[in-house]
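Okay, structure first, notes after.
The numbers here are math on the coordinates, done by the rules we state, and not lab data. What you are looking at is a predicted structure, and each value in this text was computed from that prediction instead of being measured. Note that we place each Cβ from the backbone using ideal geometry, even for glycine, and neighbour counts take in every protein chain shown.
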Amino acid sequence: MQKFHNILFVSHGVTDETEALTQALSLARNNNAALKALVVCPEFPKEMANYKSKYEASLKEQLETSIRATREVVKVSEADVPVQVEVESGDMPSVRIIRHVLKDAHDLVIKEAEPKESGKGFKAMDMELLRKCPCPVWLTRPISRHRGEMKIAVAIDPHSMAPEGHDLSLRLLELSRSLADTCSGELNIISCWDYEFEEYLRGNVWIKVSDDELIRTAHAAQSEHRAGLESIVKKSGIQGKLQVHHVRGRADQMIPKYVADREIDILVMGTVARTGIHGFIMGNTAENIVQKLGCSLLALKPNGFISPVKPY
């Protein structure tokens with residue numbers, strides 16, 4: 001199972017971030033991991049430079065107060081998980097966060113998702129982290145259920161042709177299994193398949209394909225995809241209570257619908273389309289999925305991903 005060793009909690013220092021702090025403290029304790037808290041804020045106006053140090057000190061004190069209050073709730077003492085608090089002010093906050101990740105070798109970023117009026121999707125800073133942060137990113141939203149009732153789901157593509165995509169699927173399964181074990185104990189696995197040529201071939205006046213042949217071909221595609229899904233789940237070695245949902249349709253339509261219909265609290269998924277080079281393009285499918293999500297998101301990138309952001 002994937003373990004985290006050096007977690008970075010990101011704060012704006014001005015809102016209630018109890019949910020994200022709860023996850024950060026609990027995860028650091030359970031993984032025996034180091035935890036640093038970083039407050040990112042806008043550059044202080046030059047004309048008020050005399051107040052900058054007091055302003056940053058107030059943000060640090062406010063976060064430290066929130067940490068103390070959250071410790072009481074989750075029963076995590078300072079001796080269990082000491083937290084170093086830093087303040088970073090300036091433009092391009094997502095870049096500043098990623099530089100901390102690179103310089104200090106953090107292996108997980110946890111932050112509250114930026115609020116959107118619709119309650120779904122993620123704003124610019126969060127999207128930049130999903131695109132460019134080299135380590136997993138956990139964007140939290142408030143969860144009304146008790147931890148023992150939280151619903152965890154993982155989205156898997158068993159037919160990724162690249163080796164790093166295959167390895168990513170295994171990591172997604174292992175991490176989501178570990179996360180589910182700390183919650184309800186049930187892991188929901190969703191994977192989408194489709195046979196796109198069916199709509200092009202059915203009724204095509206130039207290519208005469210019978211309905212029976214189309215049905216057989218689509219069924220074969222379904223069976224092949226299902227076999228791949230079962231194979232990678234077996235290879236991951238995960239145990240426990242599993243619910244596998246093999247759904248026909250486009251992933252960017254079916255996964256958000258599944259998450260909403262099943263009232264999933266945390267979705268684990270990959271958000272990458274290119275590795276091994278500086279920078280990458282988040283795939284259209286991943287972009288469309290995350291912009292329709294109203295739940296918390298734990299996003300991973302494959303081994304070999306290189307961030308376009310430099311540490312200095």
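Computed values, structure above
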item	result
Largest-first principal axis extents of the Cα set of the stretch 26-91 (Å)	45, 20, 14
Equivalent ellipsoid semi-axes - Cα gyration tensor, the stretch 142-197, angstrom	27, 14, 7
Extension gain (nm, one decimal) between HIS219 and ARG96, 0.36 nm per residue minus Cα-Cα	39.4 nm
Angle in degrees between helix 163-181 and the longest Cα principal axis of the chain, rounded to the nearest 10	60
Cut-off 15 Å between beta-carbons: net charge of the residues surrounding MET150, Lys and Arg +1, Asp and Glu -1	+1
CD proxy at 222 nm, helix term only [per DSSP H run n ≥ 4: -39500 (n - 2.57); per residue of the chain; nearest 500]	-13000 deg cm²/dmol
Nearest-0.05 FRET efficiency for LYS52 and ARG145, computed from C-beta distance (R0 51 Å)	0.80
Hits among aspartates and glutamates - C-alpha to C-alpha of LYS151 under 13 Å, sequence gap 8 or more where chains match	ASP181, GLU186, ASP261, GLU263, ASP265
Extended-chain gain in nm, criterion 0.36 nm per residue less alpha-carbon gap, HIS5 and LYS123	39.7 nm
Descending Cα extents along the principal axes, the stretch 36-170, whole Å	58, 35, 34
The stretch 1-112, Cα convex hull volume normalised per residue, Å³	99
Folded to 0 to 90 degrees: helix 251-261 orientation relative to the chain principal axis, Cα	70
Evaluated at q = 0.16, 0.26, 0.30 Å⁻¹: base-10 log I(q)/I(0), Debye formula over Cα of the stretch 57-108	-0.63, -1.05, -1.09
If the convex hull is drawn through the Cα atoms of the chain, its volume per residue in Å³	156
Reachable lysines from LYS235, criterion Cα separation under 23 angstrom, eight or more residues apart if same chain	LYS3, LYS301
Paramagnetic reach from LYS103 in the stretch 38-79 [backbone N under 15 Å; point 7 Å along Cα→Cβ]	38-41
